[in-house]
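Student: Could you have a look at this structure, given as structure tokens, before my questions?
The values are calculated or read from the model by the stated rules, or taken from the named source; none is laboratory data. Keep in mind that this is a model prediction, so the values were computed, not measured. Using ideal geometry, Cβ is built from the backbone for each residue, glycine included, and neighbour counts are taken over all protein chains shown. The protein model used for the area step is the full one, side chains on, heavy atoms only, and it has no ligands, DNA or RNA in it. Shrake-Rupley method; radii C 1.70, N 1.55, O 1.52, S 1.80 Å.
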Amino acid sequence: FRAVYRAFPKQDGTYFSFLSEIKQSPSLCIVGFLMMFGMLGHFWVTWFSSTESLIANGLFRFGPNYDFPAIVAYFSTIPASIYFVTMFETSFGEKYQKYFYILGHSGTVDEVNVAKDEMFDAIRLGLRRMFSIQLVSCLISITVGAKILAILNIGMTEMMLETFRMFCVGYSLYFVANTLFMLHLYFMNEDKVVIPTLIFALLTSITAYLSAKYLEGTYGM
């Protein structure tokens with residue numbers, strides 16, 4: 001909120017003053033939009049293309065066999081998310097700041113190279129640990145988590161459990177890719193990330209449509 005109020009300190013009578021901020025970094029806004037569309041777009045595509053989706057009222061739709069497993073499966077990324085925010089990003093951030101401080105304050109070539117090596121070592125170590133955490137979390141969710149959901153008897157059919165398992169794998173891959181994209185953003189590489197995120201957004205939407213429309217029993221694939 002402080003950042004928003006600094007950018008827009010008072011009302012100027014228009015709802016579009018934020019566009020001046022977007023113009024400063026359009027590729028960053030495009031990347032953010034494509035990542036969110038790739039993550040959430042499959043819901044909309046499935047609602048409007050699957051024969052099993054239900055109409056609540058008008059354009060308000062939902063897919064009970066699809067939505068609930070997808071939402072629950074996203075919880076499998078929580079352990080890796082916690083690690084990324086509390087340890088990985090913190091450790092890497094310190095090395096990142098040190099590197100650019102030395103770079104901007106006339107450090108020697110040796111000092112710059114040492115700081116750069118430390119920064120990339122922090123990235124490599126953090127990625128290895130985060131990938132390991134996400135892999136373990138995914139496997140536990142698919143095995144133990146699915147068993148617990150079945151035992152709880154909260155309406156999860158076998159089809160929904162299979163969808164849940166597929167989403168656990170899918171969200172794990174998404175989380176890994178999203179982390180790599182975010183690391184690119186630290187180094188102002190938004191332009192390099194636009195094409196991969198565009199491919200991601202298109203592929204998830206297209207495959208969700210084909211899955212819901214033509215491939216019975218492949219929800220979440």
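Student: Can you find a residue in the range 145-155 that is in contact with a Cys (Cβ under 9 Å, 6 or more places away or on another chain), assigned to a helix (DSSP H, G or I) and surrounded by 14 or more Cβ atoms within 10 Å (Cβ to Cβ)? Explain how you work it out, then say what you get.
Tutor: Taking the range 145-155 and keeping what is in contact with a Cys (Cβ under 9 Å, 6 or more places away or on another chain), we get 145-146.
Pick out the ones that are also assigned to a helix (DSSP H, G or I) and you get 145-146.
If we keep only those that are surrounded by 14 or more Cβ atoms within 10 Å (Cβ to Cβ) too, we end up with 145-146.
Among the residues of the range 145-155, at least one is in contact with a Cys (Cβ under 9 Å, 6 or more places away or on another chain), assigned to a helix (DSSP H, G or I) and surrounded by 14 or more Cβ atoms within 10 Å (Cβ to Cβ), which makes the answer yes.
Student: Please go through the range 11-63 and give me each residue that is open to solvent by 50 Å² or more (accessible area, probe 1.4 Å), aromatic (Phe, Trp, Tyr) and without any contact (Cβ under 8 Å) to a residue 60 or more places away in the chain, ordered by number.
Tutor: Tyr15, Phe16, Phe18, Phe33, Trp44, Trp47, Phe48, Phe60, Phe62
Student: Any residue in the range 148-171 that is out of contact with any strand residue (DSSP E or B) (no Cβ under 9 Å at 6 or more places or on another chain), of a type in the set (A, V, I, L, M) and farther than 24 Å from Pro69 by Cα? First the steps, then the outcome.
Tutor: Taking the range 148-171 and keeping what is out of contact with any strand residue (DSSP E or B) (no Cβ under 9 Å at 6 or more places or on another chain), we get 148-171.
Pick out the ones that are also of a type in the set (A, V, I, L, M) and you get 148-152, 154, 156, 159-161, 166, 169.
Among the residues that remain, those that are also farther than 24 Å from Pro69 by Cα are: none.
There is no residue in the range 148-171 that is out of contact with any strand residue (DSSP E or B) (no Cβ under 9 Å at 6 or more places or on another chain), of a type in the set (A, V, I, L, M) and farther than 24 Å from Pro69 by Cα.
Student: Could we say that Met130 is under 22 Å from the mean Cα position of the chain (by Cα), in contact (Cβ under 8 Å) with a residue 12 or more places away in the chain and crowded, with 16+ Cβ neighbours inside 10 Å here?
Tutor: Working: under 22 Å from the mean Cα position of the chain (by Cα): yes; in contact (Cβ under 8 Å) with a residue 12 or more places away in the chain: yes; crowded, with 16+ Cβ neighbours inside 10 Å: yes.
Against the criterion (under 22 Å from the mean Cα position of the chain (by Cα), in contact (Cβ under 8 Å) with a residue 12 or more places away in the chain and crowded, with 16+ Cβ neighbours inside 10 Å), Met130 qualifies.
Student: Please determine, by comparing only the residues of the range 207-221 that are aliphatic (A, V, I, L, M) and over 15 Å from Gly170 (Cα atoms), which one is most open to solvent (accessible area, probe 1.4 Å). Break it down stepwise before answering.
Tutor: Taking the range 207-221 as the starting set, the residues that turn out to be aliphatic (A, V, I, L, M) are 208, 210, 212, 215, 221.
Subsequent filtering for residues that are over 15 Å from Gly170 (Cα atoms) retains 210, 212, 215.
Numbers: Leu210: 78, Ala212: 20, Leu215: 97 Å².
In this case the residue turns out to be Leu215.
Student: Let me ask something else about it. Mind counting the residues in the range 37-51 that are assigned to a loop (DSSP other than H, G, I, E, B) and touching a helix residue (DSSP H, G or I) at 6+ places or on another chain (Cβ under 6 Å)? Before the answer, list the steps.
Tutor: Quick first cut of the range 37-51, residues assigned to a loop (DSSP other than H, G, I, E, B) only: 50-51.
Remaining after also requiring touching a helix residue (DSSP H, G or I) at 6+ places or on another chain (Cβ under 6 Å): 50.
So the answer is 1.
Student: Same structure, new question: Here is a list: Thr179, Thr204, Thr163, Thr197. Which entry is in a helix (DSSP H, G or I), in contact with a His (Cβ under 8 Å, 6 or more places away or on another chain) and either open to solvent by less than 90 Å² (accessible area, probe 1.4 Å) or of a type outside the set (A, V, I, L, M, F, W, C) (or both)? First the steps, then the outcome.
Tutor: Details: Thr179 fails: in contact with a His (Cβ under 8 Å, 6 or more places away or on another chain); Thr163 fails: in contact with a His (Cβ under 8 Å, 6 or more places away or on another chain); Thr197 fails: in contact with a His (Cβ under 8 Å, 6 or more places away or on another chain).
Of the residues listed, the single one that is in a helix (DSSP H, G or I), in contact with a His (Cβ under 8 Å, 6 or more places away or on another chain) and either open to solvent by less than 90 Å² (accessible area, probe 1.4 Å) or of a type outside the set (A, V, I, L, M, F, W, C) (or both) is Thr204.
Student: Which condition from (1) at pLDDT below 90; (2) in contact with a helix residue (DSSP H, G or I) (Cβ under 8 Å, 6 or more places away or on another chain); (3) open to solvent by 70 Å² or more (accessible area, probe 1.4 Å) is the one that Ser106 breaks?
Tutor: (2)
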